[in-house]
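**Student:** The structure is given below, and queries will be raised subsequently.
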Amino acid sequence: MFYRKPVLAVLLGLIFLSFFGTLCASALMFPETYDWRYRVISNLLSPRDNPGHYWLPACGMALAALFMLPFARYLQRHLEISSPRVARVSYRTFVAGIVALVCTCLIVPQHIHGVFGIWRLHEFLARSSAAFLALGMLCGCWCAWKGCRKSVLAARLFWTWSCVTLLPLVGVLFSECLLLLTRLKLSWAMPVRNGLRHSVFWHLGFWEWTGAAAVFVFLCAAVFLTPSLAVLEAKVREG
């Protein structure tokens with residue numbers, strides 16, 4: 001039932017409302033001016049930065065993560081046609097990313113004390129969730145690439161997935177590498193840093209929001225640019 005396209009389309013709507021809807025509502029009620037290009041999402045989940053409404057995005061994001069669970073199995077059943085092993089990796093990494101995202105919402109940012117003796121546990125879980133989801137998306141891109149010559153629809157899926165996966169990933173890696181190089185105080189890296197420090201591309205908040213939108217578009221493409229499971233299974237039986 002959960003793998004039918006109409007049901008998945010409804011889940012996409014619920015994910016959008018529970019994730020982006022609660023984040024936007026919380027941003028509007030944020031004590032200070034919240035600019036998504038420069039502020040990280042964790043500011044909205046922080047009891048210190050958003051004392052009145054931090055629970056709203058935390059609940060919304062956790063609910064959105066639970067709505068994503070059927071997509072992990074749906075993707076596996078589609079991807080295993082190209083590579084069963086990679087499909088299993090994609091499924092497990094998606095589930096791990098979803099679990100880490102739920103834990104991220106339950107463990108809000110702590111600015112003074114560690115949680116379970118671990119300092120910055122919220123940030124660690126958030127980065128783990130992003131890494132697992134990115135790995136699952138890369139597995140999907142690889143499987144889509146193997147099947148992109150079979151039909152125009154498969155080629156569209158590959159290019160859509162590749163764009164929404166690789167562009168944010170390259171941007172984040174470039175930003176983090178440049179930040180690391182500037183901390184090493186390399187002479188050639190400092191002018192680049194000074195030129196980009198006021199750009200949105202330098203700030204993690206921009207890439208967090210971009211990455212969240214990329215995951216949502218990835219799931220939308222998985223629903224609307226893939227054949228139904230019934231058609232897919234019929235092709236497998238014929239083959």
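The values are calculated or read from the model by the stated rules, or taken from the named source; none is laboratory data. The structure presented is a predicted model; accordingly, all values stated were derived computationally and were not measured. Every residue, glycine among them, receives a Cβ derived from its backbone with ideal geometry; neighbour counts consider all protein chains shown.
**Student:** So if I check each of Ile81, Ile98, which one is β-branched (Val, Ile, Thr) and under 26 Å from Ala27 (Cβ atoms)?
**Tutor:** Sole residue among the options that is β-branched (Val, Ile, Thr) and under 26 Å from Ala27 (Cβ atoms): Ile98.
**Student:** Quick one: which of Asn50, Asn43 is closer than 19 Å to Gly211 by Cβ, crowded, with 16+ Cβ neighbours inside 10 Å and either touching a residue at least 12 places away in the same chain (Cβ under 8 Å) or not β-branched (Val, Ile, Thr) (or both)?
**Tutor:** So the residue among Asn50, Asn43 that is closer than 19 Å to Gly211 by Cβ, crowded, with 16+ Cβ neighbours inside 10 Å and either touching a residue at least 12 places away in the same chain (Cβ under 8 Å) or not β-branched (Val, Ile, Thr) (or both) is Asn43.
Per-residue answers, yes or no, for (1) of a type outside the set (Ser, Thr, Tyr); (2) outside any helix (DSSP H, G or I); (3) modelled with pLDDT of 90 or more; (4) touching a Lys or Arg at 6+ places or on another chain (Cβ under 8 Å):
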position: Val108; (1), (2), (3), (4): yes, yes, no, no
position: Phe132; (1), (2), (3), (4): yes, no, yes, no
position: Thr165; (1), (2), (3), (4): no, no, yes, no
position: Leu180; (1), (2), (3), (4): yes, no, no, no
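**Student:** Of these, Arg73, Arg37, which one is of a type outside the set (Gly, Ala, Ser), in contact (Cβ under 8 Å) with a residue 24 or more places away in the chain, part of a loop (DSSP other than H, G, I, E, B) and surrounded by fewer than 16 Cβ atoms within 10 Å (Cβ to Cβ)?
**Tutor:** Arg37
**Student:** Farther than 16 Å from Leu133 by Cβ and touching a Lys or Arg at 6+ places or on another chain (Cβ under 7 Å): is that true of Ser83 in this structure?
**Tutor:** yes
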